[in-house]
Amino acid sequence: MNVLPRVTAALTAEWPDLVAELDRWGEAGRIASLWWRDDDAVAATPELHSLLRLAGEAPLALAVIPAEIDPDLPGFLLAMPQVAVLQHGWRHANYATPGAKKRRVPGDAEKP
């Protein structure tokens, strides 16, 4: 049994698709466990503030790029026990050659 969504569905799904899927789960007596993640965080940006207001007390995962972090971010997050900090690479650099698909890990093509 294939349980993974088709690639095209994953790329074209929108909010109503999620609502419809969650409705189907409810009709089947199932409950989905979801988590939020803010990706590529380095600072307490206005966008992060908006997300935290929207999330309220709901758990939130914050994927932080340590090499780029603003020194004030750890102190800002201390007062937010609902936020889990996840290391998101070290520099999160793109090692792909220009015009190629992004690569987060250096490969043989990039070696001198």
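Key figures for this structure:
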item	result
Matching residues, region 20-48, being over 25 Å from residue 91 (Cβ atoms) and not in a loop (DSSP other than H, G, I, E, B)	20, 21, 22, 23, 24, 25, 26, 27
Contacts under 9 angstrom Cβ, first residue in region 19-46 being among the small types (Gly, Ala, Ser), partner assigned to a strand (DSSP E or B), 6 or more apart	41/62; 41/63; 41/64; 41/85
Residue ID - surrounded by the most Cβ atoms within 10 Å (Cβ to Cβ), chosen from residues in region 57-73 that are in a loop (DSSP other than H, G, I, E, B) and in contact (Cβ under 8 Å) with a residue 12 or more places away in the chain	65
Residue tally, condition of a type outside the set (D, E, K, R) and farther than 15 Å from residue 86 by Cβ, over region 31-50	10
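Computed from the coordinates by the stated procedures, all read-outs in this text should not be read as laboratory data. What you see is a predicted model, and the numbers here were worked out from it, not measured in a lab. When we count neighbours, we look across all protein chains shown, and the Cβ atoms used for this are built from the backbone with ideal geometry, even at glycine.
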